[in-house]
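Report on one structure; see the data block that follows.
Here, each number is a calculation from the coordinates, and none is a lab measurement. Computed from a predicted structure; not experimentally measured. Note that we place each Cβ from the backbone using ideal geometry, even for glycine, and neighbour counts take in every protein chain shown.
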Amino acid sequence: DAGVIQSPRHEVTEMGQEVTLRCKPISGHDYLFWYRQTMMRGLELLIYFNNNVPIDDSGMPEDRFSAKMPNASFSTLKIQPSEPRDSAVYFCASSSLRDRFTGELFFGEGSRLTVL
Amino acid sequence: RKEVEQDPGPFNVPEGATVAFNCTYSNSASQSFFWYRQDCRKEPKLLMSVYSSGNEDGRFTAQLNRASQYISLLIRDSKLSDSATYLCAAAANQAGTALIFGKGTTLSVSS
């Protein structure tokens, strides 16, 4: 069974460019989460969706960040314009209604973003 | 959003040692707590849930103290393969739909 799939795995871009990160959750999972991880701030929750609807986006750092989930099998996190301080590993995770009681979020391998 | 705070680490221990990690949470509404393990340059994976009564899984024991808002993880008889970063997590709300993570504590087990 395929896990959470993220793309790209690595992205190097220049300041001011638009960055789009993509995520395919595990089939049948109804929750999708976007996290960002840096050495300084650890693993931060940015936004999460339930049944494709954004539930809490209070962790999104600025208006430069936006996330969408047009259907149950796809989500994007977009940064426009990107800045060097956005450099981080961005993780997508998914879970099902049952998993929230066990605490199991299934993470993708992450997208490592470097903004020069 | 409330914070989850962990021992900064790193912990460097020899094989066979017992090591304990601590974590505090500030959101008293949190009902669920977990430990995740993250290997270097990999994604986090669930290690174990933390129950009020405490729970044990082989060499790993997790404890919860709601009065002190404190969670612990004890690893006995450390193995080289236990070297990783251990992340404490608390449910962001009573519904338990999202998790807030601590920054993690790095463990290095040496021979």
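Legend note: in chain B, cysteines whose Cβ sits 4.7 Å or more from every other cysteine Cβ are B:40.
Let me know the mean shielding of A:37-43 by other chains, meaning the per-residue number of their Cβ atoms within 10 Å of its Cβ. Display every interim value, and only then the final one.
Working: counts 7, 1, 2, 1, 1, 11, 13.
Mean shielding count: 5.
Helical runs assigned H by DSSP (4 residues or longer) give chain A a calculated mean residue ellipticity at 222 nm of -500 deg cm²/dmol, each run adding -39500 (n - 2.57) before division by the residue total. Under the simplified labelling scheme, the residue A:97-residue B:42 pair shows an inter-label distance of 3.2 nm, with each label point 7 Å from Cα along Cα→Cβ.
Counts of other chain beta carbons within 10 angstrom of each beta carbon in peptide B:30-43 average 3. Qualifying GluC sites (Glu not before Pro) in the range A:1-90, where qualification requires a DSSP coil assignment and no more than 12 other C-beta atoms within 10 Å, comprise A:14, A:18, A:62.
According to the calculation over all Cα-Cα pairs in chain B, the P(r) per 10 Å bin from zero is 16, 49, 29, 6, 0 %.
Counting only other residues whose beta carbon sits under 11 Å from that of residue A:74, what net charge do I get with K and R as +1, D and E as -1? Working shown, then result.
Values: positive: A:22, A:24, A:68; negative: none.
Net charge around residue A:74: +3.
Annotation: the residues A:29, A:10, sorted from fewest to most other C-beta atoms within 10 Å of their own C-beta, follow the order A:10, A:29. Note on chain A: Kirkwood radius taken over Cα pairs, Stokes-Einstein applied at 25 °C and 0.890 mPa s, translational D equal to 174 µm² s⁻¹.
Working value for the protein assembly as shown: equivalent-ellipsoid semi-axes of 30, 20, 16 Å, each the square root of 5 times a Cα gyration tensor eigenvalue, largest first. Summing charges over neighbours of residue B:111, with a neighbour being any other residue whose Cβ is under 15 Å away from its Cβ, gives -2 when K and R count +1 and D and E count -1.
For the range A:1-77, the set of trypsin sites (Lys or Arg not before Pro) satisfying both a DSSP loop assignment and a count of at most 15 other C-beta atoms within 10 Å is given as A:9, A:41, A:64.
Where Lys and Arg each count +1 and Asp and Glu each count -1, what net charge lies around residue B:45 among other residues with Cβ under 10 Å from its Cβ? Local net charge: -1.
Cα centroid separation, the range B:57-111 to the range A:75-116: 21 Å.
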